[in-house]
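Trainee: Next up is a structure, given as structure tokens.
The values are calculated or read from the model by the stated rules, or taken from the named source; none is laboratory data. None of these values were measured; they are calculated from a predicted model. Every residue, glycine as well, gets a Cβ built from its backbone with ideal geometry; the counts of neighbours run over all protein chains shown. The accessibility values were calculated without ligands, DNA or RNA, using every heavy atom of the protein model including side chains. Shrake-Rupley method; radii C 1.70, N 1.55, O 1.52, S 1.80 Å.
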Amino acid sequence: MLRLYKAHCKKLLFSPFTYFLSAAFTIFCTLQYFLLTKFFTPLGSSDLHRYFSSMPYAAILIIPAYSQALSFTKKELELPFSSFELVFSKILSLFTTFILLSLIPGLVLPITVSFFGKVDFALTVTGYMGLSIYLLSSFSLCVFFSFLFQTPAVSFIISALLLLATHTMHMLPQVINLNQGLSSLVQYFSFAWHFDTFGKGILDTRHICFYILTSGFFYFLSILALNKKRGVLSPFTKKLLFPSLVCLLLLFFNTSLYYARADFSAGKEFSVSDYSKSLLSHAEQPVNIRYYRSPLLKNLYPQIHDVEEYLRIYAEENSLVKLSLLDPSKDDEKLNSLGIQAQSLQTASGDSTSYARVYSAVILDYLDESEVIPFVLDTRTLEYDLTSRMSSLLTGRKRSLQVLVGNGMKLSEDYSYVKPWLESQGFSVQETFMPSECSGFTKPSFALFPQVPLLLLGSVHFEYGDSLALMERIRQGSKNFIATTPYTIDLANEWQVIEAPQDDVIYQLESFGIHFADTLTADISNFPLSMYSDSNANGESAAPRTEYVNYSLWPVLLPQKNAPNGMTSFWPSSLNLYSDVAEMENFTLEPYLVTSSGAWLYEKAGKTFVTNPFAVPLYPENKELLGQKSLAALLKRDGEPSTIVWADQYSLNSSLIAFTSSQTPDLRSLSFLSDSLLLLNGEADLLYLKNKNIQDTSLSKVSPEELSSSAFATITLTLFIEAALIAIFAITIFILRKKRRLL
């Protein structure tokens, strides 16, 4: 069989057609990744999941065509080899040569991407491992049809059509309304559906066994087809066919029931952390996790399967934890009573578009208490959501928070996202007011609740006595998050800057070493505004047009320790921090949030700031002023976080969040807020769970200008190296072949 295997490999390696197909496969996957993922734009990412997910679709035509190099011939019937040897040597030679000629040159792309951003090495390894066993199944299928049909063209067409079906059948429930059982069956037999987990950094025996059993299935059928052509298919073998298929189906079934999995993703997104395991071990009474998921949702979002999978893994950590999968249509009223509302998701069928109302809610019950996760679509923050609510149930500890708006705006209107967001993160929110507003006890004053953390949004309306009460809170070690600036912006009238004559809160914070600069902070890394215009430069009417203007007064903060997603800031101030002054109050002081290194202090033009987007400069006149600026500071007492001061009171404003959002709301500033409150609340372990799956896939190793300008050169060089590797291998093979002939 080794001689036969070598003969097949020589036939493949001596054929120019195999090199052409290998190059086509590699080039297609590379171009698909660079172009369709918009790699050389601000949306570009170093995440290789899209690269691996494109490979099965590239293989739909390439693998059947590649297999035709070893298509069936009648001479094979007379060869002195068993059917076992003939079939196995074909599959193995196709498999190994394709890896040599396609997958190894394809490693150039991950190496190229690593020059632009961080590449997840573990995901790359699992992706190639999954691709390898996927190829084994695909080649087994194609070899079977080459034996089944004598005409190469027919076997190519049938193989390609069947690969197309097995790669797309998991999307069938998105087009046709199937019941849950049939939908699960269709997904299970999809090659692409099983491959998806490898691209996420997971090795799962269910998916490994699926490909191995599928390869064995087509290998077995190929032997039967070859034996039939040879006329050696015995009646006994025919009788074994049905029981063999039954045994194979039982193997498929058993490998789905009994399995093991290893999570190699960077943040262990699909594993239960030690902190969660420790917390679950403290459950002394039964815990019931009820997962209400609309059957339609699994068809619309196949990735929802990861949520169910994770809930199972989570529940297995303690025998007292039970998971129940429930149909929300039977408990609609009960869900509404718990504040769980159905979400509207867009669906498409044919030429029509409609909206479906679906549920994906998790309810945790312990003793007589319940906690709710209203809606979940993926696993990115699922462990945090589960563990934070489980902690509340098992310890009885509730997260209380008071919110005070001190700049004349309203919490329910101008900061309408804040309360719902914090409540969704497990906080119990109460609005409080300044002591000067609370005469007659008609409103609760923040001074009455020294043990409850305070979120302060703006401080321009604080009177002297109010600011003294706030400073006393800080000195006593109460937890505070203060978002304010020494000026306000008239959001309704051309964004004019209104300076307060004296903000006592900002003045008093200087006693803790926190000084606000009397400037705005501008940054080269900023938000591009979409400006509508219907006039020309002379003010005359013109055709309506949209202009994109980089607005340097809205800095875009890069991902960093305390803001792992980054975010957009709005007219922030800059903080000068004096640690020696803070030490006089028994505090330590450190920067908490910073700009890019391309920021500068934007000063007044005359008596006021110019905020017109068309007039604000993109760079300072003196480039020596460029440098990283502090936008937030952290006060610690005895090593414990006490107060955070954020020189931005508009990043949480509802209208500005909506203004900078596209199809989905940009809630990164709210995420920064809840992260900071968790830190102040002494829940650093939960904060780690919340952000553990946030990986920096930004192309941060180059500037946006360098990224855009290098697009053509990078693509060309990558394709050239991939093609050169294939060409070098081909030239080497042909030189060795020629030398052997001379010998």
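Residues checked against (1) closer than 18 Å to F139 by Cβ; (2) open to solvent by 50 Å² or more (accessible area, probe 1.4 Å); (3) part of a helix (DSSP H, G or I); (4) aliphatic (A, V, I, L, M):
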site: R3; (1), (2), (3), (4): no, yes, yes, no
site: K6; (1), (2), (3), (4): yes, yes, yes, no
site: L12; (1), (2), (3), (4): yes, no, yes, yes
site: L43; (1), (2), (3), (4): no, yes, no, yes
site: Y51; (1), (2), (3), (4): no, no, yes, no
site: K75; (1), (2), (3), (4): no, yes, yes, no
site: F88; (1), (2), (3), (4): yes, yes, yes, no
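Trainee: I'm checking my understanding of the structure. Among residues of the range 654-688 that are closer than 30 Å to N493 by Cα and free of Cβ contacts under 8 Å to residues at least 40 places away in the same chain, which one is surrounded by the fewest Cβ atoms within 10 Å (Cβ to Cβ)? Walk me through how you get there before you give the answer.
Mentor: At the first step, the residues of the range 654-688 found to be closer than 30 Å to N493 by Cα are 654-673.
Checking which are free of Cβ contacts under 8 Å to residues at least 40 places away in the same chain leaves us with 658-659, 661-664.
Working: A658: 12, F659: 16, S661: 12, S662: 6, Q663: 4, T664: 6.
Restricting to residues being closer than 30 Å to N493 by Cα and free of Cβ contacts under 8 Å to residues at least 40 places away in the same chain, the top hit is Q663.
Trainee: Could you list, in sequence order, the residues of the range 451-468 that are touching a Ser or Thr at 6+ places or on another chain (Cβ under 9 Å), crowded, with 19+ Cβ neighbours inside 10 Å and of a type in the set (A, V, I, L, M, F, W, C)?
Mentor: L454, L456, L457, V460, F462
Trainee: Residues being in contact with a helix residue (DSSP H, G or I) (Cβ under 7 Å, 6 or more places away or on another chain) and part of a loop (DSSP other than H, G, I, E, B): count how many of those fall in the range 509-521.
Mentor: Number satisfying all stated conditions: 1.
This table checks each residue for (1) open to solvent by 40 Å² or more (accessible area, probe 1.4 Å); (2) touching a helix residue (DSSP H, G or I) at 6+ places or on another chain (Cβ under 6 Å); (3) part of a loop (DSSP other than H, G, I, E, B).
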residue: F198; (1), (2), (3): no, yes, no
residue: Y211; (1), (2), (3): no, yes, no
residue: L221; (1), (2), (3): no, yes, no
residue: L224; (1), (2), (3): no, no, no
residue: V246; (1), (2), (3): yes, no, no
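Trainee: Being open to solvent by 20 Å² or more (accessible area, probe 1.4 Å) and under 14 Å from F98 (Cβ atoms) is the filter here, so list the residues in the range 126-148 that pass it.
Mentor: Y128, S132, I133, L136
Trainee: Continuing with the same structure: List pairs: first residue in the range 693-704 and farther than 17 Å from L123 by Cβ and at pLDDT 75 or above, second residue among the small types (G, A, S) and open to solvent by less than 70 Å² (accessible area, probe 1.4 Å) anywhere in the structure, Cβ distance under 8 angstrom, at least six positions apart or on different chains.
Mentor: Short answer, once both residue conditions are applied: S700/G117; K701/G117; V702/S710.
Trainee: Let me ask you something else. Does at least one position in the range 251-267 carry a residue that is open to solvent by less than 30 Å² (accessible area, probe 1.4 Å) and within 30 Å of F72 (Cβ to Cβ)? Write out each step before concluding.
Mentor: Of the range 251-267, the ones open to solvent by less than 30 Å² (accessible area, probe 1.4 Å) are 252, 255, 263, 265, 267.
When the remaining residues are screened for being within 30 Å of F72 (Cβ to Cβ), the result is 252.
Within the range 251-267, one or more residues are open to solvent by less than 30 Å² (accessible area, probe 1.4 Å) and within 30 Å of F72 (Cβ to Cβ).
Trainee: Could I ask something else about it? Which of the residues spanning the range 116-162 are of a type in the set (G, A, S) and within 30 Å of K74 (Cβ to Cβ)? Even if it seems obvious, please write down each step before you answer.
Mentor: Of all residues in the range 116-162, those of a type in the set (G, A, S) come to 117, 122, 127, 130, 132, 137-138, 140, 146, 153, 155, 159-160.
Result: S137, S138, S140, S146, A153, S155, S159, A160.
Trainee: Has the range 559-569 got any residue that is part of a helix (DSSP H, G or I), of a type in the set (S, T, N, Q) and modelled with pLDDT of 90 or more?
Mentor: Of all residues in the range 559-569, those part of a helix (DSSP H, G or I) come to none.
No: zero hits.
Trainee: Would you mention how many residues in the range 618-635 are open to solvent by 50 Å² or more (accessible area, probe 1.4 Å) and not acidic (D, E)? Let's see the steps before the verdict.
Mentor: Going through the range 618-635, the residues open to solvent by 50 Å² or more (accessible area, probe 1.4 Å) turn out to be 618-619, 621-626, 628.
Now restrict to residues that are not acidic (D, E): 618-619, 622-623, 625-626, 628.
So the count comes out to 7.
Trainee: Scan the range 14-25 residue by residue and report those that are open to solvent by 30 Å² or more (accessible area, probe 1.4 Å) and in a helix (DSSP H, G or I). Break it down stepwise before answering.
Mentor: Within the range 14-25, the first condition is being open to solvent by 30 Å² or more (accessible area, probe 1.4 Å), and the residues that meet it are 14, 16-17, 20, 24.
Answer for the range 14-25, where residues must be open to solvent by 30 Å² or more (accessible area, probe 1.4 Å) and in a helix (DSSP H, G or I): P16, F17, F20, A24.
Trainee: Which of the residues belonging to the range 163-173 are touching a helix residue (DSSP H, G or I) at 6+ places or on another chain (Cβ under 7 Å) and either open to solvent by 60 Å² or more (accessible area, probe 1.4 Å) or not in a helix (DSSP H, G or I) (or both)?
Mentor: L164, L172
Trainee: Residue by residue through the range 488-502, note down the ones that are assigned to a strand (DSSP E or B) and either within 37 Å of the chain's Cα centre (by Cα) or farther than 19 Å from P572 by Cβ (or both). Quick ask: steps written out before the conclusion?
Mentor: Within the range 488-502, the first condition is being assigned to a strand (DSSP E or B), and the residues that meet it are 488-490, 496-499.
Hits for the range 488-502 are T488, I489, D490.
Trainee: If you don't mind, another one. Could you run through the range 422-450 and say how many residues are open to solvent by 50 Å² or more (accessible area, probe 1.4 Å) and under 19 Å from D675 (Cα atoms)?
Mentor: 3
Trainee: Sticking with this one: Only one of (1) part of a loop (DSSP other than H, G, I, E, B); (2) under 35 Å from the mean Cα position of the chain (by Cα); (3) of a type outside the set (S, T, Y) fails for A262. Which number is that?
Mentor: With (1) part of a loop (DSSP other than H, G, I, E, B); (2) under 35 Å from the mean Cα position of the chain (by Cα); (3) of a type outside the set (S, T, Y) applied to A262, the lone miss is (1).
Trainee: From the list L94, L123, L100, which one is surrounded by 18 or more Cβ atoms within 10 Å (Cβ to Cβ), part of a helix (DSSP H, G or I) and over 24 Å from the mean Cα position of the chain (by Cα)? Don't jump to the end; show me each part of the working.
Mentor: Details: L123 fails: over 24 Å from the mean Cα position of the chain (by Cα); L100 fails: surrounded by 18 or more Cβ atoms within 10 Å (Cβ to Cβ).
Testing whether each residue is surrounded by 18 or more Cβ atoms within 10 Å (Cβ to Cβ), part of a helix (DSSP H, G or I) and over 24 Å from the mean Cα position of the chain (by Cα) leaves just L94.
Trainee: Any residue at all in the range 662-680 that's at pLDDT 90 or above and more than 23 Å from L457 (Cβ to Cβ)?
Mentor: No: the range 662-680 contains no residue that is at pLDDT 90 or above and more than 23 Å from L457 (Cβ to Cβ).
Trainee: Does V321 meet the test of being of a type outside the set (G, A, S) and more than 19 Å from the chain's Cα centre (by Cα)? Quick ask: steps written out before the conclusion?
Mentor: Values: of a type outside the set (G, A, S): yes; more than 19 Å from the chain's Cα centre (by Cα): yes.
Against the criterion (of a type outside the set (G, A, S) and more than 19 Å from the chain's Cα centre (by Cα)), V321 qualifies.
Trainee: Considering only residues of the range 492-508 that are closer than 27 Å to D675 by Cα and touching a helix residue (DSSP H, G or I) at 6+ places or on another chain (Cβ under 7 Å), which is surrounded by the fewest Cβ atoms within 10 Å (Cβ to Cβ)?
Mentor: The selected residue is Q508.
Trainee: Do you know which residues across the range 284-318 are touching an Asp or Glu at 6+ places or on another chain (Cβ under 9 Å), surrounded by fewer than 15 Cβ atoms within 10 Å (Cβ to Cβ) and outside any helix (DSSP H, G or I)?
Mentor: P286
Trainee: Residue by residue through the range 353-399, note down the ones that are out of contact with any Phe, Trp or Tyr (no Cβ under 9 Å at 6 or more places or on another chain), of a type in the set (K, R) and assigned to a strand (DSSP E or B).
Mentor: Answer for the range 353-399, where residues must be out of contact with any Phe, Trp or Tyr (no Cβ under 9 Å at 6 or more places or on another chain), of a type in the set (K, R) and assigned to a strand (DSSP E or B): just R357.
Trainee: With respect to the numbered conditions (1) exposed (fewer than 15 other Cβ atoms within 10 Å of the Cβ); (2) under 36 Å from the mean Cα position of the chain (by Cα), which one is the sole condition not fulfilled by F84?
Mentor: Single failed check for F84: (2).
Trainee: Inside the range 638-653, can you point out the residues that are surrounded by 17 or more Cβ atoms within 10 Å (Cβ to Cβ) and not acidic (D, E)? Show your work before the answer.
Mentor: Residues of the range 638-653 that are surrounded by 17 or more Cβ atoms within 10 Å (Cβ to Cβ), as a first pass: 641-653.
Scanning the range 638-653 gives P641, S642, T643, I644, V645, W646, A647, Q649, Y650, S651, L652, N653.
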